[in-house]
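The values are calculated or read from the model by the stated rules, or taken from the named source; none is laboratory data. The structure presented is a predicted model; accordingly, all values stated were derived computationally and were not measured. Backbone-built Cβ (ideal geometry, glycine too); neighbour counts: all protein chains shown. Just the protein is used for accessible areas: all its heavy atoms, side chains included, with ligands, DNA and RNA removed. Shrake-Rupley method; radii C 1.70, N 1.55, O 1.52, S 1.80 Å.
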Amino acid sequence: MTGAHPAEQMIADVVIIGGGSAGSLLAARLSANPARRVLLIEAGEEPSDPDIWTPSAWPALQGRAYDWDYLTEPQAGTYGRVHHWARGRLIGGSSCLHAMGYMRGHPEDYQAWVDATGDARWSWESLLPVFDAIEDRPDGSGPMPIYMPDEEVSPLTRAFIETGVSLGLSRLPNHNDGRMVGVTPNSLNIRDGRRVTVAEAWLTPEVRARENLRIVTEIRVHRLVMDGNRAHRIEAIGPHGPIGISADEIVLSAGALESPALLMRSGIGPEDVLKAASVDCRIDMPGIGRNLQDHLLGAGNLYATRKHLPASRLQHSESMAYMRAGEFTATGRPEIVVGCGVAPIVSEWLLAPEAGTAYSFLFGVTHPTSRGSLSLSGPNLDDRLIIDPAYLQTEHDRAMFRSALEAARTIGHADGLAEWRDRELAPGPLGSRAEIDEFIAKAVITHHHPSGTCRMGKDDDAVVDPNLRLKSLDNLHVVDASVIPSLTAGPIHAAVLAIAETFARTMTAGD
Ligand SMILES: Cc1cc2nc3c(=O)[nH]c(=O)nc-3n(C[C@H](O)[C@H](O)[C@H](O)COP(=O)(O)OP(=O)(O)OC[C@H]3O[C@@H](n4cnc5c(N)ncnc54)[C@H](O)[C@@H]3O)c2cc1C
């Protein structure tokens, strides 16, 4: 519902800003105690476009009215290209737009979080019960379906998996038992052939009926107003004008781009960045907006088919093979990934052949070391965000990408795919390292995992502490993809949900 009158002063014990993946889960978990009044504020509307629930339609959702559709700065590392970054602007947030792949990550990914925070709650072992409470699968007890589509995958995907195994990769049962290096179909947030958003999983009709939970939509928070060490007032804009909100506790879950932007608009951020954006600096926090990370995928290592390729019944990229660089039989923490795209998935630099006549093997780096930044172009709500992911700025990332392309082509040219492969369409013969790098720079697209812009940590520059409390205020927590200190190996949605559930456990411990 919208229902907020401009003159209305909303009050709650906990205000959650942003009804996306983290915010939807939190609204349900924190309102389980009837004594806690919870207000969830979302800039977008309730989702209604039927295509949202059709898994194969997910790429077509980008650019629609409920996509924030950000643009990055031109990227020197990707041939000067500007990248579109999709983000959901509705209840359920980016879980309404995402590709539904569910991967917890590798245990060492979480050890890196423990090293960053000094807090064992973020270890793989500590998070296992948290994942169990999130996941609906035979031995999990949570609301989010984790569907393993063994029978439904494309015959091309089956050939991809068998070829990977013939080259030495382990055939894993799924990506979620901690091994991750190997090949398997992707687990998906799908039930009965339909996407399940975080809002549907957690904000059920019973939860929405709670008297102590209020969900307001089409209200965009402009900034926080501070009084000493507390944010005591939230200034927002609704369809009918400005709205004032007060809360004891504020949870910022506006995502990896809007959470740091909202803090900056409130005067909390790096002094030089705020000054350049004409915002008065109230609290100098140099870490806000820094440490921006994203995964890229090379699209594509493209092949023409020998016979018609039926369309994917799932979400096109049906299997990811995670591996060490340069060695199909090595185990450990993954370094690169090759994905089986059951469609001609290409960047804007390549011409996509007709559907059914070609397929792409996507290739990527699991732990890029390039670090970008986010800043404001001005103090107003509609001033453009300056998003610079600094893609492919390190030799580590470029070298790993060359290795990932090589792995994709090794699989692509193997005998196991002879039934499907007519010929390689791209990249074709490449000579020098410079030629390879140029192809990669032109072929990469976002894997949609921006994160890290309010990272948790024990060091002085970290933005939130291991409890996710903003270090400079007593009553504000950031709970979303922005607190991730370093990327997990695969897609990050499982990690975002684990962050939200862990925070909910801490906050409700005394209930
Ligand atoms: C196209 C796409 C494909 C993806 N594919 C996968 C995948 O297959 N697997 C995977 O694991 N991950 C995937 N991801 C990533 C994953 O969906 C995100 O990492 C995750 O949803 C982020 O959750 P969040 O809570 O941090 O932010 P979001 O879910 O983006 O939520 C933020 C919410 O805050 C709201 N908001 C923002 N600013 C304000 C404001 N000022 N006032 C009020 N509300 C505000 C937004 O409208 C939004 O609803 C994909 C993402 C996209 C976009």
- prompt: Based on the alpha carbon coordinates of the chain, what radius of gyration and maximum Cα-Cα distance (Dmax) apply, in Å?
  reply: 22.3, 69
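Only Cα pairs under 8 Å and at least 6 apart count here; give the relative contact order of segment 51-175 as a rounded whole percent. Each step should come with its number before you reach the end.
Working: 118 pairs, mean separation 15.7, N = 125.
Normalised by residue count, the contact order of segment 51-175 is 13 percent.
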Helix 107-117 vs. the chain, principal-axis angle (Cα, 0 to 90°, nearest 10): 30 degrees
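If you take every DSSP beta bridge whose two residues both sit in the chain, what share of them, in percent to the nearest 5, is antiparallel?
Just about 70 percent of them are antiparallel.
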- prompt: Relative to the longest principal Cα axis of the chain, at what angle does helix 124-134 sit, 0 to 90 degrees, rounded to 10?
  reply: 80 degrees
- request: Only Cα pairs under 8 Å and at least 6 apart count here; give the relative contact order of segment 82-129 as a rounded whole percent.
  value: 22 percent
- prompt: Once label points are set 7 Å from the Cα along Cα→Cβ at both residue 136 and residue 171, what is their separation, rounded to one decimal in nm?
  reply: 3.0 nm
- prompt: Using r as the Cβ-Cβ distance of residue 423 and residue 208, and R0 as 60 Å, what FRET efficiency do you calculate, to the nearest 0.05?
  reply: 0.65
- request: Only helical DSSP H runs with n ≥ 4 go in: add -39500 (n - 2.57) per run for the chain, normalise by residue count and round the 222 nm mean residue ellipticity to 500 deg cm²/dmol.
  value: -6500 deg cm²/dmol
Charge-dipole axis of segment 35-99 as Lys and Arg at +1 and Asp and Glu at -1 on Cβ define it, positive-most pick from 91, 48, 59: 91
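Could you work out the relative contact order of the chain, using alpha carbon pairs under 8 angstrom and six or more residues apart, expressed as a whole percent? Show your work: numbers first, answer last.
Values: 1285 pairs, mean separation 110.5, N = 511.
Reported as a whole number, the value is 22 percent.
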- prompt: Hey, what angle do you get for helix 493-507 against the long axis of the chain, alpha-carbon based, 0 to 90 degrees rounded to 10?
  reply: 30 degrees
- line: To the nearest 20 debye, the chain has a Cα-centred charge dipole, built from +1 on Lys and Arg Cβ and -1 on Asp and Glu Cβ, of 260 debye
task: Give the residue from 202, 252, 146 lying farthest towards the positive end of the charge dipole for segment 126-254; charges sit on Cβ (+1 for Lys and Arg, -1 for Asp and Glu) and the dipole is referred to the Cα centre.
output: 252
Under 5 Å, built H, 5+ apart or other chain: amide partners of residue 191: 196
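Is segment 7-122 rounded, prolate or oblate when judged by the Cα gyration tensor, a ≥ b ≥ c being the square roots of its eigenvalues, rounded requiring a/c under 1.5 and prolate requiring a/b larger than b/c?
oblate
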Gyration tensor (alpha-carbon) shape descriptor, segment 73-141, a/c threshold 1.5: oblate
- prompt: Which order do 117, 357 take when ranked by solvent-accessible area (1.4 Å probe, heavy atoms of all protein chains), largest first?
  reply: 357, 117
message: If I compute solvent accessible area with a 1.4 Å probe over the protein chains, what percent of it on segment 194-282 is carbon and sulfur?
response: 44 percent
query: What aspartates and glutamates could a cross-link reach from residue 307, if we take a straight Cα to Cα line under 17 Å and drop same-chain neighbours fewer than 8 places away?
result: 354, 415, 419, 422, 424
- line: Straight-line reach check, residue 471, cutoff 16 Å on alpha carbons, 8 or more apart in-chain or any other chain, hits among lysines -> 458
message: Given R₀ = 45 Å, what would the calculated FRET efficiency be for residue 194 paired with residue 275, taking r from the Cβ atoms and rounding to 0.05?
response: 0.40
- prompt: What is segment 376-511 by shape, rounded, prolate or oblate, if you read a ≥ b ≥ c off the alpha carbon gyration tensor as root eigenvalues and call it rounded for a/c under 1.5, prolate for a/b larger than b/c, and oblate otherwise?
  reply: prolate
- request: Measure off, as a whole percent, the carbon and sulfur share of the 1.4 Å-probe accessible area of segment 1-127, all protein chains present.
  value: 55 percent
query: In whole Å, what is the distance between the alpha-carbon centres of segment 28-87 and segment 130-193?
result: 24 Å
task: Please calculate how many Å² of accessible area the chain carries per residue, with a 1.4 Å probe and no DNA, RNA or ligand atoms counted.
output: 37 Å²
- request: Take the solvent-accessible surface of the protein heavy atoms, probe 1.4 Å, and return the percent of it on segment 421-511 that carbon and sulfur atoms account for.
  value: 48 percent
